[in-house]
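A short worksheet on the structure shown next.
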2 protein chains.
Amino acid sequence: MNNAYNHSFSASNQLTQKSVNRCFDGEQHYYSHESTSTKTPMTFSIYLPDEALAGRRCPALLYLSGLTCNADNVTHKAHFQQKCSELGMIFIAPDTSPRSSESHDVPNDERYFVGQGASYYVDATQAPWSEHFNMQSYIVDELYDLLRSEFPIDSIGITGHSMGGHGALLLGFKFPSKFVSVSALSPVCAASESAWGQAAYTEYFGDDKSLWAQADAAQLIMEVGQQYTNILVDQGGADNFLAEGQLQTSKLQEACNIAQQPLTLRYLASHDHSYYFIQTVIDDHIEHHWRMAQMG
Amino acid sequence: MNNAYNHSFSASNQLTQKSVNRCFDGEQHYYSHESTSTKTPMTFSIYLPDEALAGRRCPALLYLSGLTCNADNVTHKAHFQQKCSELGMIFIAPDTSPRSSESHDVPNDERYFVGQGASYYVDATQAPWSEHFNMQSYIVDELYDLLRSEFPIDSIGITGHSMGGHGALLLGFKFPSKFVSVSALSPVCAASESAWGQAAYTEYFGDDKSLWAQADAAQLIMEVGQQYTNILVDQGGADNFLAEGQLQTSKLQEACNIAQQPLTLRYLASHDHSYYFIQTVIDDHIEHHWRMAQMG
């Protein structure tokens, strides 16, 4: 590895390092590992600012990506590295589902919103999905513990985009002891009431609507009540998926009102659902999580 | 176009608009048009800050990409939009060669450094390349005039990465009346002495070494002497192509010394040739061109 910054950090042999690139005052790393939750190899990217490379504990932000994405999209296009370098924040982007070249991980069936790239960050209960599609366990147990053991992480916040925004809200409010802060970009706010989520949950949970409700961010927030000082959510006003009813941002607003969960909800006029929107607001999200981490 | 910011700007029917995305306080546009220089359709991206969308003349930066790239790579990965939005600067990324699905544009022959994606921004004199590979004329005449007629452009600076850094130095010093400023990232500084350039120039120019010399940035700078107040060049210290001898940064330094052309040449230790490097330094390049544009 001839382009590594001279530092003391290295991961254990639980992780296979795929790449290292210097970026601002830090390094963008990729790793793969064998997951016991999904029974497949899993890949994630992690940006480590120089403070972390020198072994000092830093706050971390876990970013869950949207439908069809893998770890690359946000790592290449969202430009989180500059702000994370400036603040000294670690940024982790896992994959959005199990996947491999083998058939056993259930490729999607030509619908982009079910199967590979579309886990919804839940543990599926129905065959064939239940064998591998256990992304809730992967994120909040397996990857969470792996990250804490392998990297100098202080506290962890959670965010995400679209299906990943749903994941951030869902896992953040289901496991508030694990995360110090929550935010979301263009989230699917009520998955059980969106066409995307209904198609996926029919596959992953079958007809048991109590499981659907537990995997619906707005319903969960109403059930568990306030968990965070404030949550930040950004939504583009010209987002075609908002118009289509996939996102239902107003349901999140209602849920937070009922739950007395403080919410900063910003609509950005003329902005759409793309990574051009994500890069426009990502600095604000990193700063939100940074402030919450400082408050402890 | 339902995500367009409400503004007065629109291009003429010389251009076909392919996409519009709001990004920071501006819009990322893509256009295609029929080129008379290359006799193929050509695509470019252009970022227009709100000042330009409102019709006010802004300085522009023309960015030439490297081998294998098209307009997408820098537009998706370099994150120039934030700084251009902040300063009110237009940013244009053309394609790196003619290309189409038809055979007449000469696809590359499995060498990534000759043919499609590898024009070197020269006008080829040898068949079959001379029919379509006329990227010097395309950039400095056809596209240049098209940009000035279609968009509210004040002055134009030129930059680029790798083969595109070569292109920026070459065209900037060959046509100094057209550009107010020049910079380059990891440029191929002496194309006629690099293995990449030699393979390409053998195809594009044949054995006429006088044509090779005219298409070598370091030789051209020595010949024409100082043209700019200062030029900015950044190079990663851990760039494998520097070690391989493709870039020959020291030849640029020698040429600028001989030409008495002021040069700010920065080596960034541990940085490589990737877009992670480009995003690390792009803000500085945008600011360099902005300052030069202000000086007139």
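Computed from phi, the 3J(HN,Hα) profile of the range B:23-30 under the Karplus parametrisation 6.51, -1.76, 1.60 (θ = phi - 60°) reads 8, 6, 8, x, 9, 8, 10, 10 Hz, with x in place of Gly and Pro. Over all other residues within a Cβ to Cβ distance under 12 Å of A:Gly157, the charged ones net out to 0, with Lys and Arg as +1 and Asp and Glu as -1. Note on A:Gln294/A:Thr16: beta-carbon distance plugged into 1/(1 + (r/R0)^6) with R0 of 25 Å gives a FRET efficiency of 0.15. Taking every DSSP bridge with both residues inside the protein assembly as shown, close to 50 percent are antiparallel.
Full extension of the segment from A:Ser177 to A:Ser8, taken as 0.36 nm per residue of separation minus the current Cα-Cα distance, would add 57.8 nm. Placing a label point 7 Å from Cα along the Cα-to-Cβ axis, B:Gln198 is separated from the same position in the other copies by 6.6 nm, shortest listed first. Inter-chain Cβ neighbour count for B:276-282, averaged per residue, equals 5 (cutoff 10 Å, partner chain atoms only).
What's the magnitude of the charge dipole for the range B:16-295 around its Cα centre, counting Lys and Arg as +1 and Asp and Glu as -1 at the beta-carbon? Answer in Debye, nearest 20. The partial results should precede the final answer.
Values: 16 positive and 33 negative charges, 102 e Å.
Taking the Cα centre of the range B:16-295 as origin, the dipole is about 500 debye.
By its C-alpha gyration tensor, with a ≥ b ≥ c as the square roots of the eigenvalues, how is the range A:137-203 shaped: rounded for a/c under 1.5, else prolate for a/b larger than b/c, else oblate? Since a/c reaches 1.5 and a/b is larger than b/c, the shape of the range A:137-203 is classed as prolate.
How many percent of DSSP beta bridges within the range A:45-175 run antiparallel, rounded to 5?
Numbers: 5 of 14 bridges.
Of the beta bridges lying entirely in the range A:45-175, close to 35 percent run antiparallel.
Of A:Met292, B:Met89, how do they rank once you tally other Cβ atoms within 10 Å and put the fewest first? If you can, show how the numbers build up before the last one.
Numbers: A:Met292 22, B:Met89 26.
So the ranking, lowest neighbour count to highest, is A:Met292, B:Met89.
What does the structure give for A:75-88 when I average, per residue, the other chain Cβ atoms found within 10 Å of the residue Cβ?
2
Value of Rg to Rh for the range B:175-247, rounded to two decimals, is 1.00; Kirkwood radius and Rg both from alpha-carbon coordinates. Ordering B:74-81, B:254-261, B:186-193, A:204-211 by mean Cβ neighbour count within 10 Å, with the highest value first, yields B:186-193, B:74-81, B:254-261, A:204-211. Three principal axis extents describe the C-alpha atoms of the range B:16-295; from largest down they are 50, 43, 34 Å.
Principal axis extents of the Cα atoms in the protein assembly as shown, from largest to smallest and rounded to whole angstrom, are 77, 54, 46. In chain A, the beta carbon lying closest to the axis that superposes A onto B belongs to the residue given here with its whole-angstrom distance, A:His79, 2.
The same position B:Ser137 in the other copies lies at 6.6 nm from this copy, comparing label points 7 Å beyond Cα toward the beta-carbon, shortest first. With the label put 7 angstrom out from Cα along the Cα-to-Cβ vector, B:Ser32 ends up 3.5 nm from the copy partners, going from closest to farthest.
With both bridge residues required to lie in the range B:16-295, what share of the DSSP beta bridges run antiparallel, to the nearest 5%? Counting DSSP beta bridges with both partners in the range B:16-295, the antiparallel share is about 50 percent. Legend: mean number of C-beta atoms from other chains within 10 angstrom of residue C-beta atoms, peptide B:17-23, equals 5.
Could you tell me the relative contact order of chain B? Use alpha-carbon pairs under 8 Å, at least six residues apart, and round to a whole percent.
Values: 671 pairs, mean separation 48.1, N = 296.
For chain B, the relative contact order is 16 percent.
Considering helices alone, the calculated mean residue ellipticity of chain A at 222 nm is -9500 deg cm²/dmol, with DSSP H runs of length four and up weighted by -39500 (n - 2.57) and normalised per residue.
Computed from the coordinates by the stated procedures, all read-outs in this text should not be read as laboratory data. Remember, predicted model here, so these are calculated numbers, not experimental data. Neighbour counts are summed over all protein chains in view; Cβ atoms, including those assigned to glycine, are modelled from backbone coordinates with ideal geometry.
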